[in-house]
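The block underneath contains the structure these notes are about, expressed in structure tokens.
The values are calculated or read from the model by the stated rules, or taken from the named source; none is laboratory data. Since this is a predicted model, take the numbers as computed values, not measurements. Methodologically, a virtual Cβ is constructed for each residue, glycine included, from the backbone with ideal geometry; neighbour enumeration extends over all protein chains shown.
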Amino acid sequence: MGTHFRHRDLEQLLFIYSHQEDLRLDAIYDNDPYYFFSEVQHIFNLATEELVDPSGLEAWCKLNLENCAATESEMWTKWAMIASAYDRYLKLLHSEGVLDFASIQSCALSLMQNNPQVLAGIRKRYQDIFIDEYQDTNAVQDRIISLLADDGERFTAVGDDDQSIYRFRGATVRNILTFKERFPKAKVIKLEQNFRSKKSIVQNSQHVIENNPARIPKALTSVRGIGSDVLVVYERNLTEEAKASVRLLKRLHNSGKIANYGDIALLFRSVEHHALPYITALLEANMPFNVTGDARFFKRAEISTLCDLFRYLNITGKGGDQRYLSNSLFAFHPESCKALEKTDKNLIEISAPEDLQSIGIMDSNDQQRLMDLADLKRQVQKGDHTSMLAVYYQLLQCTSCACRFEQNENQNSMSNLGLLSQPIAAWDEYGGTSDLKSFLKYLDMLKQGGVNQITVPPKDAIQIMSIHQGNTDKFRSSPAWDHGLAPEWLCRPSPADYRALIR
């Protein structure tokens with residue numbers, strides 16, 4: 001998200017979070033609700049995508065609970081409760097008349113399996129089937145495709161089993177590895193010429209990936225020539241490695257071997273956790289760069305302040321106004337700021353310009369915005385607000401920050417104000433309450449997860465971003481996986497499974 005809030009994912013997470021009591025999950029998560037409910041969301045989706053019956057998932061978890069070591073009992077007790085919640089979750093979706101993204105696919109499959117006339121009609125409509133990125137299909141999608149393809153006479157699939165490590169939305173390498181078995185008449189054409197990378201990169205990549213037993217053998221070659229050697233920068237620690245890498249990049253740029261900084265990308269497993277030494281080294285070297293995927297959205301000044309203002313609306317009693325109002329987002333007149341710092345008056349009591357003049361706030365624009373804020377606070381505390389999104393828009397009006405960002409052509413801040421509206425709108429639709437305290441807990445949960453901000457990339461800058469990684473979950477960290485107790489439908493490839501290591 002680069003990656004931002006994806007509406008359907010956020011709405012599903014919120015649906016689970018807001019129905020935690022109905023699902024009987026409220027008593028089993030620790031002090032990291034974002035991680036817990038995200039894991040629950042992932043398990044629910046994986047089970048649906050793999051066509052796992054709720055009773056089967058629950059039985060499997062109970063089997064592990066009965067056979068696990070004493071040290072694993074607490075973990076499997078929790079997972080058994082999550083498995084039980086999956087059945088309640090599906091029933092809750094049905095009762096509320098909604099579908100999550102995975103259920104849309106499973107329902108489509110059910111419709112075709114149980115209604116021959118529907119299947120025949122769809123086959124007639126889509127006589128030729130072409131599937132791209134076949135390695136990204138999951139079990140339910142592959143079942144749908146197989147139904148539509150019938151004998152496969154008019155079915156073409158293009159995919160790369162070597163890319164299946166990403167496991168987007170439950171994608172499984174089994175689909176592409178067993179393709180020839182399921183469609184024996186299929187003609188396999190291997191695309192072994194690489195038009196993107198030069199020989200040195202292709203060869204080194206081949207040396208790694210050829211050790212993966214879960215792949216279709218192929219010999220990749222490059223059509224772009226030999227290219228430069230692959231260099232490995234190795235130092236005593238990450239800080240020294242970052243400095244050495246930056247010095248190398250600067251030397252290559254200054255010598256003309258790298259024409260533009262924009263041709264350089266630094267890829268990390270996690271930008272948020274691993275990129276800081278490189279960012280520091282780039283700053284010290286005065287080299288331009290742009291960061292994508294640092295999950296610092298809620299740490300942006302304007303976003304953090306707006307979240308604090310939501311909290312301010314919830315505060316009752318006197319005192320504390322200065323802490324929330326003395327910030328640059330309001331852009332108050334300097335004299336107004338001084339007056340706010342000195343007064344101990346509760347601004348919720350303000351109802352007229354004279355009240356503000358009495359404490360030294362003379363600027364008419366500042367007076368109006370403070371009165372609007374006081375009115376909004378009274379409204380919210382009485383429960384008279386129509387929605388949290390309406391409250392958000394009123395906060396933007398009270399601060400006038402959106403107008404200033406637009407006047408100053410601050411595209412990053414303007415975009416991120418829009419981004420913040422997405423989880424707020426999701427709360428209004430799926431949160432189940434307009435209570436401000438509940439909404440604040442929801443915001444705190446999102447902060448724990450981290451969200452990537454929107455940025456407008458500067459020209460000719462080094463790009464810092466993450467490499468796509470497959471999702472992980474606590475099931476994989478359990479010894480049960482190593483002991484072969486995990487059912488086939490829940491197995492998820494990991495680097496260890498593939499053994500994609502240089503020997």
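So for the range 265-282 (the condition being at pLDDT below 90 and touching a Phe, Trp or Tyr at 6+ places or on another chain (Cβ under 6 Å)), does at least one residue qualify?
Yes, the range 265-282 has at least one match.
From the list Ala402, Ala500, Ala425, Ala496, which one is crowded, with 16+ Cβ neighbours inside 10 Å, of a type in the set (Gly, Ala, Ser) and at pLDDT below 85?
Working: Ala402 fails: at pLDDT below 85; Ala425 fails: at pLDDT below 85; Ala496 fails: crowded, with 16+ Cβ neighbours inside 10 Å.
Result: Ala500 is the single residue among Ala402, Ala500, Ala425, Ala496 that is crowded, with 16+ Cβ neighbours inside 10 Å, of a type in the set (Gly, Ala, Ser) and at pLDDT below 85.
Tally the residues that are touching a helix residue (DSSP H, G or I) at 6+ places or on another chain (Cβ under 6 Å) and under 19 Å from Phe37 (Cβ atoms), restricting the search to the range 59-75.
Going through the range 59-75 one residue at a time, the tally reaches 1.
Which one of these is touching a His at 6+ places or on another chain (Cβ under 9 Å) and closer than 24 Å to Met388 by Cα: Phe310, Phe330, Phe297?
Criteria check complete, one pass: Phe297.
So, in the range 230-257, exactly how many residues are of a type outside the set (D, E, K, R) and not in a loop (DSSP other than H, G, I, E, B)?
Within the range 230-257, residues that are of a type outside the set (D, E, K, R) and not in a loop (DSSP other than H, G, I, E, B) number 11.
Which residue is nearest to Leu13 (Cα to Cα), if the candidates are limited to the range 81-140 and must be in contact with a strand residue (DSSP E or B) (Cβ under 9 Å, 6 or more places away or on another chain) and surrounded by 15 or more Cβ atoms within 10 Å (Cβ to Cβ)?
For the range 81-140, the residue satisfying everything is Thr137.
When you scan the range 85-96, do you find a residue that is aliphatic (A, V, I, L, M) and more than 24 Å from the chain's Cα centre (by Cα), even just one?
Yes - at least one qualifying residue is present in the range 85-96.
Among (1) surrounded by 15 or more Cβ atoms within 10 Å (Cβ to Cβ); (2) modelled with pLDDT under 90; (3) not aliphatic (A, V, I, L, M), where does Asn412 come up short?
If we test Asn412 against (1) surrounded by 15 or more Cβ atoms within 10 Å (Cβ to Cβ); (2) modelled with pLDDT under 90; (3) not aliphatic (A, V, I, L, M), just (1) comes out false.
Has the range 229-249 got any residue that is under 19 Å from Asp161 (Cβ atoms) and out of contact with any Cys (no Cβ under 8 Å at 6 or more places or on another chain)?
Taking the range 229-249 and keeping what is under 19 Å from Asp161 (Cβ atoms), we get none.
Looking for residues that are under 19 Å from Asp161 (Cβ atoms) and out of contact with any Cys (no Cβ under 8 Å at 6 or more places or on another chain), one finds none in the range 229-249, hence no.
Among the hydroxyl-bearing types (Ser, Thr, Tyr), under 17 Å from Glu241 (Cα atoms), surrounded by 18 or more Cβ atoms within 10 Å (Cβ to Cβ) and under 30 Å from the mean Cα position of the chain (by Cα): is that true of Tyr261 in this structure?
no
Leu419 versus (1) under 19 Å from Leu313 (Cβ atoms); (2) within 29 Å of the chain's Cα centre (by Cα): which is the lone unmet condition?
It fails just one condition, (1).
State which residue is farthest from Ser326 (Cα to Cα) when the search covers only the range 377-389 and only residues that are assigned to a helix (DSSP H, G or I) and over 32 Å from the mean Cα position of the chain (by Cα).
This residue is Lys382.
Residues in the range 385-399 that are crowded, with 17+ Cβ neighbours inside 10 Å and of a type in the set (Ser, Thr, Tyr): how many?
Going through the range 385-399 one residue at a time, the tally reaches 2.
Yes or no, residue by residue, for (1) out of contact with any Gly (no Cβ under 9 Å at 6 or more places or on another chain); (2) part of a loop (DSSP other than H, G, I, E, B); (3) buried (at least 19 other Cβ atoms within 10 Å of the Cβ):
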site	(1), (2), (3)
Leu267	yes, no, no
His273	yes, no, no
Tyr278	yes, no, yes
Met287	yes, yes, no
Ser328	yes, yes, no
Leu340	no, no, yes
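Is the range 174-192 home to any residue that is modelled with pLDDT of 90 or more, more than 23 Å from Asp142 (Cα to Cα) and surrounded by fewer than 16 Cβ atoms within 10 Å (Cβ to Cβ)?
Looking through the range 174-192, at least one residue is modelled with pLDDT of 90 or more, more than 23 Å from Asp142 (Cα to Cα) and surrounded by fewer than 16 Cβ atoms within 10 Å (Cβ to Cβ).
Among Gln322, Gln394, Gln367, which is the only one that is more than 26 Å from Asp435 (Cα to Cα), assigned by TED's automatic domain parsing to the domain that holds Leu436, in contact with a helix residue (DSSP H, G or I) (Cβ under 7 Å, 6 or more places away or on another chain) and part of a helix (DSSP H, G or I)?
After applying the criteria, what remains is Gln367.
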